[in-house]
Structures are given as C-alpha cells and as structure tokens.
Amino acid sequence: DSADYDREVKSVCPYCGVGCQLSFKIKDDKVKYVDGVDGPANEGRLCVKGRFGFDYIHHPHRLTKPLIRRDDAPAKGLNVDPENWQAHFREATWDEALDRAAGGLARLRDDAGTRVAGFGSAKCSNEEAYLFQKLIRQGFGHNNVDHCTRLCHASSVSALMENVGSAAVTATFNEIENADVAIVIGANPIENHPVAATFFKQFTKRGGKLIVMDPRGVGLRRFASHMLQFKPGADVAMLNAIMHVIVEENLYDDQYIAGFTENFDAMKDHLKAFPPEKMAEVCGIPADTLRDVARTFATARAGMIFWGMGVSQHIHGTDNSRCLISLALMCGHVGRPGTGLHPLRGQNNVQGASDAGLIPMFLPDYAPVGDDGVRSLFRDLWGTEFSPDKGLTVVEIMDAIHAGDIRGMYILGENPAMSDPDVEHARDALAKLEHLVVQDIFLTETANYADVILPATAWPEKTGTVTNTNRQVQMGRPAVPPPGDAREDWWIEVELAKRLGLPWTYTHPSEVFAEMKHSMKSFDNITWDRLEAEAVTYPSLSPEDPGQPIVFGDGFPRAGGRARFTPANVVPPDELPDPEYPMVLITGRQLEHWHTGSMTRRATVLDAVEPEANCSMHPSTLRRLGIEAGGMVRLTTRRGTLVVMVREDRAVAPDNVFLPFAYVEAAANILTNPSLDPYGKIPEFKFSAVRAEKA
Ligand code: SF4
C-alpha cells in the first residue's frame with residue numbers, strides 16, 4: 001500500500017552473494033519494509049534476511065561520532081559495552097579523529113622496518129574495495145591487504161586460477177534451469193543462499209536430478225535424487241572415486257578433453273588408485289552409490305557443480321576444488337547452457353572486492369603482484385611504486401602481530417575478533433597493536449581493541465556498485481540518511497589517504513569506477529551510467545550486451561586456451577579425533593544470522609526468531625552424553641572451551657557437532673583450528689577435534 005511509505009529506493013540486499021534486488025519502502029527517513037524487485041538473480045524473490053533483516057540500520061548501537069581511545073582507558077580487551085563505552089573512548093571531530101588515525105599509521109610506516117596491514121570488507125562497494133587496496137599499496141608500499149575471502153573461498157579461487165585461469169563462476173546459478181543434473185557439495189543453500197535454493201528446488205520439480213553431498217544432511221536432501229552424507233574431510237577420496245568410475249567405464253567426453261584441456265593422461269593414471277570399493281570405507285558412501293552418481297553426472301546432457309565452504313574451509317580446500325574442476329572438465333560440463341562451475345559466494349560483494357584487488361597476491365582483475373608488466377601498469381596509473389612480494393593473508397597477519405612484524409592496522413568492516421580461527425589468538429594480537437583504526441557501523445568486537453573508531457554508513461545509506469556470485473554488477477543506492485556524523489566508507493578512505501600524503505581527489509564513487517576500468521578488462525562495456533539503468537553481467541561484449549551468463553565455451557584464459565586437470569591426493573584433516581577430543585566440530589551459518597552477527601543480531605525480527613547461541617547434535621550422541629535437547633553442553637578443543645545450548649538434529653551425523661559462529665557469548669572460533677590450506681591460506685573451520693560434555 002503506497003500510503004505506508006513516502007518513497008521507495010531500488011537497491012541490492014546487504015547480505016549474501018545471491019545479490020537480490022530489492023526496494024526499500026521509506027517513511028520519515030526510516031525504512032518501513034522491503035519488497036523484492038525483478039533483478040537478474042532473484043526475479044522478485046527475497047529470503048527472510050532480505051525481507052526482515054533491514055532495521056539494524058536504525059539500531060541505537062549505531063556509531064554516530066568518531067571515537068578516540070581515552071588516555072586513561074582500561075587495558076585493551078573484549079570489555080566495551082556498546083551502550084556504555086565512555087570509560088574507553090571519547091567523542092572527537094572528524095578532523096581530530098582522521099588526523100589521529102592517519103598520524104598513527106604514518107608514524108609506524110616511517111619507522112624503518114615497521115609494517116602496517118589492512119583488512120578491507122566484502123560488505124563495501126567495488127569502489128570502496130578498490131580504494132582500500134590502493135591505499136595500502138600506494139600509502140605503505142606493500143601488499144599486506146586482505147579481506148574475508150581468505151576465510152571463505154580463497155582455496156576455490158586458487159584452484160580456479162590454477163586450472164581454469166579465472167576466479168569467477170563459469171555460469172550463473174540461474175543456468176540450472178537448463179541443466180539435467182546438478183551437484184551441490186559442501187553448501188547449504190536453503191540457509192545460506194536461500195533465493196538461489198528456490199531455483200534449485202524448481203529444477204528438481206521439472207525432473208532435474210539433484211545430487212547433494214555434505215557431512216550434514218542439509219535441507220536440500222529433501223529434493224535430492226542422491227544424498228551422499230560423507231565423512232567430514234573425506235571429500236577428495238569420494239570425488240576421486242567418482243572420477244575413477246567415469247574413467248574406468250569410459251564415460252568421459254574425449255572430444256571435449258582433447259579440444260579444451262591438458263594433463264588428462266596424468267589424471268587417468270592418478271585415479272587408478274581410487275576405486276570406489278576401496279574409497280567407500282574412507283568416505284562412508286557405498287561403492288554402488290558412488291558408481292551411480294558417477295554415471296548420472298557423466299552421462300547427463302548438461303550438468304552443473306555448486307560448492308560452498310564445506311569444500312573450501314579445509315587444509316585440503318584447494319584439492320577439493322581441483323577435484324570438482326576435473327570432474328566437470330572430464331564430462332565436458334563447462335561452457336554450454338546448463339553446465340558450469342559455481343562456487344556460491346558468501347558476502348554480497350565478496351566477488352567484487354576480490355575482483356577489485358583486495359587480496360595480498362593479486363591486483364585488480366587478479367593481476368599478479370609479482371609480474372613486472374602488471375606493476376608497471378599500476379605505476380603509470382597510480383604514480384607510485386610498491387613491493388613485488390605477495391603480502392600476508394588474514395591469519396598470517398595475526399601471527400605477524402604476535403611476532404612483532406606488524407604493529408599497526410586499518411580494519412574496515414571486518415570483525416576478526418569474532419571471525420578468525422583460534423579467535424583468542426587473534427584477540428590477543430589485536431590488543432598488542434600499537435595503533436588500530438577500525439571503521440564500521442557498530443562498535444564491533446574488533447572495535448573494542450581500536451585506538452580510533454571511524455563511524456561509517458550502512459549499505460542502505462551509500463552509493464556504490466557490487467558484484468554478486470553470478471558476476472552481475474549492480475548499483476546500490478542510498479535509501480535513508482546516515483545517523484549523526486557517520487560518513488560513507490569511500491569518503492573516509494579518501495580523507496585518510498590525503499593525510500597519508502596521497503594525491504587523491506575523488507569526489508564521488510563514479511570517479512573511482514572510471515579509474516577501475518583502466519585496469520579491469522572485466523568492466524569493459526560497463527559504465528556507471530549503464531549501471532544506473534540496469535544490472536550488467538561481466539563479461540559484457542558490447543555496450544548493448546547485458547553480459548554473458550556462461551563463459552569459456554570456446555576455450556579458457558590460460559596458455560593455449562586449455563583448462564588443466566590437477567590430480568589431488570587424500571590429505572587427512574589437520575587434527576583427527578582421539579580419546580581426549582573424540583568428536584568432530586563443524587562451524588557454519590544459520591538462516592537468520594549473518595556471519596559474526598553484528599547486523600542480524602540487531603535486526604528485530606531475525607533476533608526474535610533466533611535469539612540464543614546454539615549447537616546441534618544427533619539424538620544418539622545426546623543420549624550417549626546424557627544431555628536433553630535444549631540443555632547446555634560444554635565444548636572443548638585444543639584452543640579453548642565454551643558452553644552453549646544444544647539442539648537435537650538428525651541431519652548432523654553421530655559424533656559430529658554443528659556450531660554457528662554468529663554468537664559472541666559462545667564464539668565458535670574460540671574452538672576452531674587455525675591450520676591453513678597451503679595454497680589458498682584458508683583455515684580449517686570445517687574440522688576440529690572436539691570433546692562434548694554435559695554442562
Ligand atoms: Fe539477501 Fe541473499 Fe536472502 Fe537474497 S538470498 S534476500 S541476497 S540474503
């Protein structure tokens with residue numbers, strides 16, 4: 001009813017990488033409610049977060065003034081009440097706060113041998129991500145800049161870059177409507193990409209075969225032709241067994257392999273060691289099922305593979321993705337309608353932030369920092385030199401703080417005091433920093449440790465472009481004014497850069513977008529004016545082309561145009577259950593809460609539906625432990641211990657624990673293992689040895 005609101009503003013959802021378009025309905029400069037809009041990804045649909053998760057922006061905890069740590073503040077720690085912070089911080093003008101923030105970072109920069117690091121954000125726009133990495137590289141001369149992709153799909157990116165030559169999806173998720181079969185592995189789209197899940201369900205209704213693979217019996221199992229609930233960490237064994245069958249039974253597409261790939265002979269040899277009859281015990285899936293899945297996928301006319309963090313967040317995350325890429329390649333399921341490789345992206349702009357170079361080994365458009373030609377292009381563009389050495393990644397930066405190699409940080413919109421593995425180690429690192437600048441919309445757990453806090457605008461208060469999991473670039477628009485003195489992230493970045501001595505003159509994000517186009521071929525034929533009118537999928541082949549939903553039909557962006565088969569061996573999880581820690585802990589998200597909970601736990605409806613920290617276990621495990629559903633359980637790993645309410649859930653395998661990481665009062669990452677995948681440098685969030693006891 002239009003009487004309910006004064007005006008409406010079309011924008012993009014602030015949460016997941018599906019990138020649903022929505023319309024904010026506004027009355028008296030407050031968002032009253034939200035409706036879905038017919039965007040290319042969502043076709044009018046929204047999930048509970050998009051529809052009901054908007055009112056965090058009006059929460060009284062919003063930061064409205066710059067804050068500076070008091071000289072007589074208590075020692076740094078996770079000890080600041082967001083409603084009663086005055087003992088720790090005092091309000092400041094923007095000039096004083098920016099001078100203090102930049103002055104502290106510049107002092108450390110100019111102190112020989114001292115390094116400063118930066119975490120940008122996948123919740124910011126493409127332009128803000130670009131400016132952030134430019135500020136670190138141009139302002140400090142090195143590549144110590146990263147963001148939450150390191151905790152998300154970094155291993156998928158390393159495998160895709162290695163074997164396909166491009167880090168983005170080869171087909172939009174909407175292409176599933178042209179597929180006959182789809183594999184969804186290590187992902188729980190009904191909770192984490194709910195609107196994408198509606199397309200997956202529709203696909204099964206018209207007869208498509210859905211093969212779900214996950215150590216948990218995730219919700220999509222109800223729509224699946226095959227549900228493979230494999231043992232945690234056994235992905236490579238299972239996928240190699242499936243590929244073994246495809247080779248053994250000559251089900252592979254030899255024409256496609258000959259025309260578009262390399263190294264298949266080595267792959268064939270490698271797979272001989274993985275017969276399903278041998279791997280069944282390792283992965284917990286009967287050989288007959290593995291054979292049936294292999295035949296179903298390989299003989300389909302068109303097949304797609306979707307994956308999530310169940311694949312990526314392992315010390316063998318890159319190997320997992322290598323297997324999925326090989327599986328699609330040997331069946332010729334890439335580059336045609338209804339085929340493709342699609343790692344489902346998490347944050348609303350994690351694709352765009354990665355594309356914009358917010359990572360320590362790549363500049364914009366994944367140009368390697370070590371390549372002299374690449375750096376020469378950016379030297380011409382930016383007028384400055386910077387290091388050819390790869391920078392440190394998220395977890396490595398925390399270790400470098402403990403080692404005394406990093407003494408200052410600028411953190412924009414990330415919350416490592418909740419999101420890093422072995423989070424007490426990360427919190428101790430943050431407390432050790434000599435100068436920490438945090439830019440955010442709330443006084444987050446990370447902001448507890450700040451020396452200067454800069455109040456930023458929330459997504460519905462800013463202008464900027466974002467890129468979703470489908471490579472669709474879309475315009476975000478300001479719907480309501482920011483509270484108090486909060487300012488847009490790009491503005492704060494520019495003001496800091498000027499105080500660091502950089503000659504930045506940007507006055508609007510459109511100027512940043514125009515500069516990005518000089519180094520990002522992916523934005524060819526995409527202009528700010530176009531995005532004001534329509535979403536565009538990259539690559540776009542002409543100013544009129546809405547973009548290519550499917551890529552690599554005529555070859556890959558690698559030498560010779562060929563994708564590569566890279567064999568993967570079985571690497572066991574970093575710490576296996578033992579008598580002291582006999583169970584397996586798996587962390588993840590749940591439908592109502594988003595990542596570290598800073599937004600959704602301040603959204604009235606979402607917090608009312610899921611107000612309490614919880615974990616889930618199989619009923620047989622609860623019986624063995626003598627715990628009633630709804631009771632409290634103590635979880636202990638080699639990193640720490642916490643107490644949390646436990647739910648009964650038959651979808652969780654016996655002797656596994658599933659624990660969401662959104663709750664500060666039972667922060668899952670107190671327990672998680674910081675061991676890293678050697679290629680993507682992603683931690684093993686999906687497997688920690690744990691002990692559970694009645695609390
Ligand atoms: Fe937002 Fe994702 Fe839900 Fe769409 S599916 S409304 S983008 S959280």
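Does ALA168 meet the test of being out of contact with any Asp or Glu (no Cβ under 7 Å at 6 or more places or on another chain), touching a residue at least 24 places away in the same chain (Cβ under 8 Å) and of a type in the set (Gly, Ala, Ser)? Please lay out each step first, then the result.
Working: out of contact with any Asp or Glu (no Cβ under 7 Å at 6 or more places or on another chain): yes; touching a residue at least 24 places away in the same chain (Cβ under 8 Å): yes; of a type in the set (Gly, Ala, Ser): yes.
The answer is yes for ALA168.
Within the range 487-510, can one find any residue that is out of contact with any Asp or Glu (no Cβ under 9 Å at 6 or more places or on another chain), among the polar types (S, T, N, Q) and part of a loop (DSSP other than H, G, I, E, B)?
Checking the range 487-510: at least one residue is out of contact with any Asp or Glu (no Cβ under 9 Å at 6 or more places or on another chain), among the polar types (S, T, N, Q) and part of a loop (DSSP other than H, G, I, E, B).
Identify the residue in the range 661-695 that is surrounded by 22 or more Cβ atoms within 10 Å (Cβ to Cβ) and part of a strand (DSSP E or B) and, among all such residues, is farthest from the chain's Cα centre (by Cα).
Ranking the candidates gives ALA692 first.
Could you say whether any residue in the range 618-625 is of a type in the set (Ser, Thr, Tyr) and either touching a Leu at 6+ places or on another chain (Cβ under 8 Å) or within 30 Å of THR172 (Cα to Cα) (or both)? Working first, answer last.
First, pick out the residues of the range 618-625 that are of a type in the set (Ser, Thr, Tyr): 620-621.
This time we only want the ones that are either touching a Leu at 6+ places or on another chain (Cβ under 8 Å) or within 30 Å of THR172 (Cα to Cα) (or both), so: none.
No, the range 618-625 contains no residue that is of a type in the set (Ser, Thr, Tyr) and either touching a Leu at 6+ places or on another chain (Cβ under 8 Å) or within 30 Å of THR172 (Cα to Cα) (or both).
Give, as residue ranges, the helices (runs of 4 or more DSSP H) completely inside the range 107-220 that count at least 2 residues that are open to solvent by less than 10 Å² (accessible area, probe 1.4 Å), under 30 Å from THR457 (Cβ atoms) and modelled with pLDDT of 95 or more. Full working, then the answer.
On the way: elements: 126-140, 154-163, 189-192, 194-205.
In the range 107-220, the matching helices (runs of 4 or more DSSP H) lie at 126-140, 194-205.
Could you tell me how many of the residues in the range 424-442 are under 22 Å from the mean Cα position of the chain (by Cα) and open to solvent by 10 Å² or more (accessible area, probe 1.4 Å)?
Here the count works out to 5.
Which of (1) modelled with pLDDT of 95 or more; (2) more than 16 Å from the ligand (Cβ to nearest atom) is the odd one out, the single condition GLU592 does not satisfy?
It fails just one condition, (2).
Take ILE285 and tell me if it is under 30 Å from GLU177 (Cβ atoms), modelled with pLDDT of 95 or more and assigned to a helix (DSSP H, G or I). Walk me through how you get there before you give the answer.
Numbers: under 30 Å from GLU177 (Cβ atoms): yes; modelled with pLDDT of 95 or more: yes; assigned to a helix (DSSP H, G or I): no.
When the stated conditions are applied, ILE285 does not pass them.
For the range 243-256, what are the residues that are open to solvent by 30 Å² or more (accessible area, probe 1.4 Å) and either touching a Cys at 6+ places or on another chain (Cβ under 6 Å) or in contact (Cβ under 8 Å) with a residue 60 or more places away in the chain (or both)? Outline the logic, then answer.
Initially, the range 243-256 is screened for residues open to solvent by 30 Å² or more (accessible area, probe 1.4 Å), giving 248-255.
Scanning the range 243-256 gives LEU251, TYR252, ASP253, GLN255.
Taking the range 221-237, which residues are part of a helix (DSSP H, G or I) and aromatic (Phe, Trp, Tyr)? Even if it seems obvious, please write down each step before you answer.
Pass one, the range 221-237, residues part of a helix (DSSP H, G or I): 221-223, 235-237.
PHE223, the sole residue that qualifies.
Among the residues of the range 476-487, how many are within 16 Å of the ligand (Cβ to nearest atom) and open to solvent by 10 Å² or more (accessible area, probe 1.4 Å)? Even if it seems obvious, please write down each step before you answer.
Of all residues in the range 476-487, those within 16 Å of the ligand (Cβ to nearest atom) come to 476-477, 479.
Retained after the next criterion (residues that are open to solvent by 10 Å² or more (accessible area, probe 1.4 Å)): 477.
Total meeting the criteria: 1.
Across the range 521-577, what is the number of residues that are within 14 Å of ALA168 (Cβ to Cβ) and among the basic types (Lys, Arg)?
Of the residues in that region, 1 qualify.
Among the residues that make up the range 2-10, is at least one of them at pLDDT below 95, surrounded by fewer than 17 Cβ atoms within 10 Å (Cβ to Cβ) and of a type in the set (Gly, Ala, Ser)?
yes
Considering only the range 375-388, I want to know if a residue exists there that is open to solvent by 10 Å² or more (accessible area, probe 1.4 Å), under 30 Å from ASN240 (Cα atoms) and of a type in the set (A, V, I, L, M).
We begin by selecting, within the range 375-388, every residue open to solvent by 10 Å² or more (accessible area, probe 1.4 Å); these are 375-377, 379-388.
Remaining after also requiring under 30 Å from ASN240 (Cα atoms): none.
Scanning the range 375-388, I find no residue that is open to solvent by 10 Å² or more (accessible area, probe 1.4 Å), under 30 Å from ASN240 (Cα atoms) and of a type in the set (A, V, I, L, M), so the answer is no.
Give just the number: which of (1) open to solvent by less than 50 Å² (accessible area, probe 1.4 Å); (2) away from the ligand (no atom under 16 Å from the Cβ) does ASN79 not satisfy?
Unmet for ASN79, out of (1) open to solvent by less than 50 Å² (accessible area, probe 1.4 Å); (2) away from the ligand (no atom under 16 Å from the Cβ): (1).
Given the criteria within 16 Å of the ligand (Cβ to nearest atom), of a type in the set (S, T, N, Q) and buried (at least 24 other Cβ atoms within 10 Å of the Cβ), does ASN240 qualify? I'd like the intermediate steps shown before the answer.
Values: within 16 Å of the ligand (Cβ to nearest atom): no; of a type in the set (S, T, N, Q): yes; buried (at least 24 other Cβ atoms within 10 Å of the Cβ): yes.
Spelling it out, it is not the case that ASN240 is within 16 Å of the ligand (Cβ to nearest atom), of a type in the set (S, T, N, Q) and buried (at least 24 other Cβ atoms within 10 Å of the Cβ).
Against the definition (of a type outside the set (Phe, Trp, Tyr), more than 16 Å from the ligand (Cβ to nearest atom) and buried (at least 24 other Cβ atoms within 10 Å of the Cβ)), how does GLY310 come out, yes or no?
Numbers: of a type outside the set (Phe, Trp, Tyr): yes; more than 16 Å from the ligand (Cβ to nearest atom): yes; buried (at least 24 other Cβ atoms within 10 Å of the Cβ): yes.
So GLY310 passes the test.
Being among the hydrophobic types (A, V, I, L, M, F, W, C) and out of contact with any Lys or Arg (no Cβ under 8 Å at 6 or more places or on another chain) is true for just one of ALA102, ALA129. Which residue is that? First the steps, then the outcome.
Numbers: ALA102 fails: out of contact with any Lys or Arg (no Cβ under 8 Å at 6 or more places or on another chain).
Criteria check complete, one pass: ALA129.
Do the conditions hold for ALA273, that is, is it surrounded by 17 or more Cβ atoms within 10 Å (Cβ to Cβ), small (Gly, Ala, Ser) and at pLDDT 95 or above?
On the way: surrounded by 17 or more Cβ atoms within 10 Å (Cβ to Cβ): no; small (Gly, Ala, Ser): yes; at pLDDT 95 or above: yes.
Answer is no for this residue.
Any idea which residue in the range 576-618 is farthest from ASN192 (Cα to Cα), counting only those that are over 22 Å from the mean Cα position of the chain (by Cα) and among the hydroxyl-bearing types (Ser, Thr, Tyr)?
Checked the range 576-618; the qualifying residue farthest from ASN192 (Cα to Cα) is TYR581.
Could you tell me which numbered condition HIS88 fails, if it satisfies all but one of (1) within 13 Å of the ligand (Cβ to nearest atom); (2) surrounded by 19 or more Cβ atoms within 10 Å (Cβ to Cβ)?
Checking HIS88 against (1) within 13 Å of the ligand (Cβ to nearest atom); (2) surrounded by 19 or more Cβ atoms within 10 Å (Cβ to Cβ), the one that fails is (1).
If GLU281 satisfies all but one of (1) surrounded by fewer than 17 Cβ atoms within 10 Å (Cβ to Cβ); (2) over 26 Å from PHE685 (Cα atoms), what's the number of the condition it fails?
Here GLU281 meets the rest and fails (2).
Can you name every residue in the range 576-627 that is of a type in the set (S, T, N, Q) and open to solvent by 20 Å² or more (accessible area, probe 1.4 Å)?
Of the residues in the range 576-627, the ones of a type in the set (S, T, N, Q) are 587, 590, 596, 598, 600, 604, 614, 616, 620-621.
Answer for the range 576-627, where residues must be of a type in the set (S, T, N, Q) and open to solvent by 20 Å² or more (accessible area, probe 1.4 Å): THR604, SER620.
Within the range 467-486, track down each residue that is closer than 17 Å to LEU412 by Cβ and either part of a strand (DSSP E or B) or free of Cβ contacts under 8 Å to residues at least 40 places away in the same chain (or both).
Answer for the range 467-486, where residues must be closer than 17 Å to LEU412 by Cβ and either part of a strand (DSSP E or B) or free of Cβ contacts under 8 Å to residues at least 40 places away in the same chain (or both): GLY476, PRO482.
Is it the case that the range 2-19 has a residue that's among the hydroxyl-bearing types (Ser, Thr, Tyr), farther than 23 Å from THR172 by Cα and within 16 Å of the ligand (Cβ to nearest atom)? Let's see the steps before the verdict.
Narrowing the range 2-19 to residues among the hydroxyl-bearing types (Ser, Thr, Tyr): 2, 5, 11, 15.
Narrowing further to those that are farther than 23 Å from THR172 by Cα: 2, 5.
Cutting the leftovers down to within 16 Å of the ligand (Cβ to nearest atom) gives us none.
No, because not a single residue in the range 2-19 is among the hydroxyl-bearing types (Ser, Thr, Tyr), farther than 23 Å from THR172 by Cα and within 16 Å of the ligand (Cβ to nearest atom).
Taking the residues in the range 24-68 that are closer than 20 Å to ASN448 by Cα and open to solvent by 20 Å² or more (accessible area, probe 1.4 Å) as candidates, determine which candidate is farthest from the ligand (Cβ to nearest atom).
Only one residue tops the list, namely LYS65.
The values are calculated or read from the model by the stated rules, or taken from the named source; none is laboratory data. Model, not experiment: these values are computed from the prediction. Reconstructed Cβ throughout: ideal geometry from the backbone, glycine too, with neighbour counts over all protein chains shown. Protein only, heavy atoms only, side chains kept; ligands, DNA and RNA dropped before computing areas. Shrake-Rupley method; radii C 1.70, N 1.55, O 1.52, S 1.80 Å.
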